[in-house]
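Note sheet for the following structure.
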Amino acid sequence: MTDTARTYPTAVPVGVDPNRASIARVYDAFLNGKDNYEIDREVLRGVQKAAPEAQELATENRGFLIRACRFLSLQTDITQYLDLGSGLPTAENTHQVVQRLKPEAKVVYVDNDPVVLAHGRALLEENENTHFVAEDIFQPDEVLGNQLVRETLDFSKPIVLLQAGTLHHYEGEPDAPKQIMEQYIEALAPGSYVVVSHFLDPENEHSVVARKMEEAFRHSMMGSGTFRTLPEIQALFGDLEMVPPGVSKCVDWWPDGPQIKPLNQVQHCIAGGIGRKV
């Protein structure tokens with residue numbers, strides 16, 4: 001569907017600035033959604049100048065998230081999920097994937113983006129086992145101390161914690177995402193799983209496009225989008241026991257079928273993995 005044919009929002013929700021790009025709305029634009037504004041689509045077009053296939057960053061991230069949730073629902077007995085940085089509701093959100101397989105599973109989404117608060121809360125709270133919490137995911141103390149989080153999830157039992165496509169948007173000290181993850185992991189009971197996906201600098205011939213996309217993100221109205229190397233992403237898992245194949249390109253993490261088409265350059269530039277706390 002073209003921009004002219006797609007219906008975009010006409011009313012601006014309270015607290016939402018249509019003149020400043022939003023991470024959630026930019027992702028929505030990358031996924032061909034309709035809950036975004038011209039300023040968000042401007043970010044998309046800027047990154048596409050660096051790499052025409054830039055939307056693969058979002059589609060591969062979403063595909064990895066869905067496969068990870070399906071894997072954990074089928075292969076573990078865990079029924080508690082803490083999804084950090086929920087973004088705008090799309091097709092196949094975390095709760096839809098896991099509750100299709102385990103209806104009793106409890107999912108808590110955390111996000112403090114005004115557009116997510118405005119558009120997402122009603123859609124995400126579809127049932128008594130799905131909840132939404134307005135907190136800053138980069139402030140673990142606030143998230144872990146939130147009353148609804150504590151009332152919904154039992155931290156004495158295993159939890160699945162998800163940071164899918166979030167940590168590369170942290171703006172601050174380069175080592176801070178590792179420290180943030182250390183706090184979250186410390187709060188989890190043994191047997192818990194951690195899911196992370198992140199923009200990747202593959203340190204090969206595709207590094208040039210990774211850094212071009214990074215520059216496009218950072219110099220856009222969104223202002224964030226760090227591409228880390230594989231060892232830097234692996235460090236986010238700390239001492240967790242990694243599920244094979246460990247941290248890999250999202251497209252290679254247990255795909256739904258054989259890869260019969262050659263990968264484009266952007267598919268080499270986002271990675272994900274799952275670790276288990278022992």
* Matching option when the condition is under 19 Å from A58 (Cα atoms), of a type outside the set (D, E, K, R) and surrounded by fewer than 19 Cβ atoms within 10 Å (Cβ to Cβ), among L200, L230 -> L230
* **Filter result for the condition that a residue is out of contact with any Ser or Thr (no Cβ under 6 Å at 6 or more places or on another chain), aromatic (F, W, Y) and modelled with pLDDT of 90 or more, over F71, F64** => F71
* Structure fact -> Per the list (1) crowded, with 18+ Cβ neighbours inside 10 Å; (2) without any contact (Cβ under 8 Å) to a residue 40 or more places away in the chain; (3) of a type outside the set (D, E); (4) not in a loop (DSSP other than H, G, I, E, B), residue check on N61 breaks on (2)
* Structure fact -> T226 passes all but one of the listed conditions (1) under 20 Å from A54 (Cβ atoms); (2) free of Cβ contacts under 8 Å to residues at least 40 places away in the same chain; (3) of a type in the set (S, T, Y); (4) touching a Leu at 6+ places or on another chain (Cβ under 9 Å); the exception is number (2)
* Asked: Got at least one residue in the stretch 260-269 being farther than 22 Å from K178 by Cα, part of a loop (DSSP other than H, G, I, E, B), in contact with a Lys or Arg (Cβ under 9 Å, 6 or more places away or on another chain) and not aliphatic (A, V, I, L, M)?
  -> no
* Could you grab me the full set of residues in the stretch 108-149 that are assigned to a helix (DSSP H, G or I), surrounded by 15 or more Cβ atoms within 10 Å (Cβ to Cβ) and modelled with pLDDT of 95 or more? => P140, E142, V143, L144, V149
* To do: Just give me the residues in the stretch 175-221 being assigned to a helix (DSSP H, G or I), out of contact with any Ser or Thr (no Cβ under 7 Å at 6 or more places or on another chain) and under 30 Å from K49 (Cβ atoms), in sequence order.
  => A176, P177, S207, V208, V209, A210, R211, K212, M213, E215, A216
* To do: State all residues of the stretch 122-140 that are within 13 Å of V110 (Cβ to Cβ) and out of contact with any Ser or Thr (no Cβ under 8 Å at 6 or more places or on another chain); if no residue qualifies, say none.
  => T130, V133, A134, E135, D136, F138, Q139, P140
* Can you name the residue in the stretch 86-99 that is in contact with a helix residue (DSSP H, G or I) (Cβ under 8 Å, 6 or more places away or on another chain) and not β-branched (V, I, T) and, of all such residues, is modelled with the highest pLDDT? -> H95
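The values are calculated or read from the model by the stated rules, or taken from the named source; none is laboratory data. If you're wondering where the values come from, they're calculated on a predicted model, not measured in any experiment. All Cβ positions, even for glycine, are placed from backbone atoms using ideal geometry, and neighbour counts span all protein chains on display.
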